[in-house]
1. Could you sort the peptides 155-165, 27-37, 116-126, 13-23 by per-residue average Cβ neighbour count (10 Å cutoff), highest mean leading?
2. Check which residues have an amide H placed less than 5 Å from I49's amide H, if you skip close sequence neighbours.
3. What is the angle, in °, between the Cα long axis of helix 125-169 and the longest principal axis of the Cα atoms in the chain? Nearest 10 is fine, range 0 to 90.
4. How much length is gained if the chain between A26 and L74 is pulled fully straight, taking 0.36 nm per residue apart and subtracting their Cα-Cα distance, in nm to one decimal?
5. Per the Kirkwood definition applied to all pairs of different Cα atoms, how many angstroms is the hydrodynamic radius of segment 1-68?
6. Could you size up the charge dipole of the chain around its Cα centre, putting +1 on the beta carbon of Lys and Arg and -1 on that of Asp and Glu, and report it in debye to the nearest 20?
7. Any idea what angle helix 8-21 forms with the longest principal axis of the chain, computed on alpha-carbon atoms, 0 to 90 degrees, nearest 10?
8. So if we plug the beta-carbon distance of A154 and T115 into 1/(1 + (r/R0)^6) with R0 = 35 Å, what FRET efficiency do we get, rounded to 0.05?
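Where a number appears in this text, it was derived from the coordinates with a stated rule and is not lab data. Bear in mind the structure is a predicted one, so any value in this text is a computation, not a measurement. Virtual Cβ from ideal backbone geometry, glycine too; neighbours counted across all protein chains shown.
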Amino acid sequence: EFGTGMESQQADRLEEALQQMGILDALIISEEYRDKVLELDCGVCDRYIFGDVSHVRENLTKVLDVDNGENDILFYQKISGILSSIGFGRSNDQGRTWIDERGNYRLGVLEGTITGEYHARFIGIRAREQYRKEKIEELETLCHNKMQQVETTAQMVRTEQTAQKLFLRKPAVRQ
């Protein structure tokens, strides 16, 4: 969840940066499985975050809250440990991985920017619910348009069939 004091635009920028960095959809793996995961067969490709990360003082835990509805203390420790390893704020000397308030980011030697046009969809219950509603509306509109296309096509088929019947019934003209 986004922290309570986070403004909508700042939340959008943070989520877009996390998505661009590959962090948002990365698999969280316990460090004891690192070797097994990294030795996977050819053709297997993904992003991983291992729990043995170093922590930085100004980090994502000041703007993101771990939603731990199931009260799983190990889950909470893993997630909060990872969040505390990603710097957040104005100062870009917070470590090898950080996101600033404008959404600019650094991931090791890679630095990047965001569009600023993205809207949060995955972090926070309100963002997920809004995205779900927008997606339903989009799909309902698409369905309605397809149904209209089907009806238009069916009407054209009926018109063509009627024209063929009239043509076949027309008596032959004798000369």
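1. Values: 155-165: 10.0, 27-37: 11.8, 116-126: 14.9, 13-23: 21.0.
Descending mean neighbour count gives 13-23, 116-126, 27-37, 155-165.
2. L27, I28, I29
3. Orientation of helix 125-169: about 20 degrees from the principal axis.
4. Numbers: separation 48, 0.36 × 48 = 17.28 nm, distance 1.81 nm.
Value of the extension gain: 15.5 nm.
5. Working: mean 1/r = 0.0707 Å⁻¹.
Kirkwood radius, segment 1-68: 14.1 Å.
6. On the way: 23 positive and 30 negative charges, 308 e Å.
Using Cβ point charges on Lys, Arg, Asp and Glu, the chain gives about 1480 debye.
7. Once rounded, the angle reads 90 degrees.
8. Numbers: r = 42 Å, r/R0 = 1.21.
FRET efficiency, A154 to T115: 0.25.
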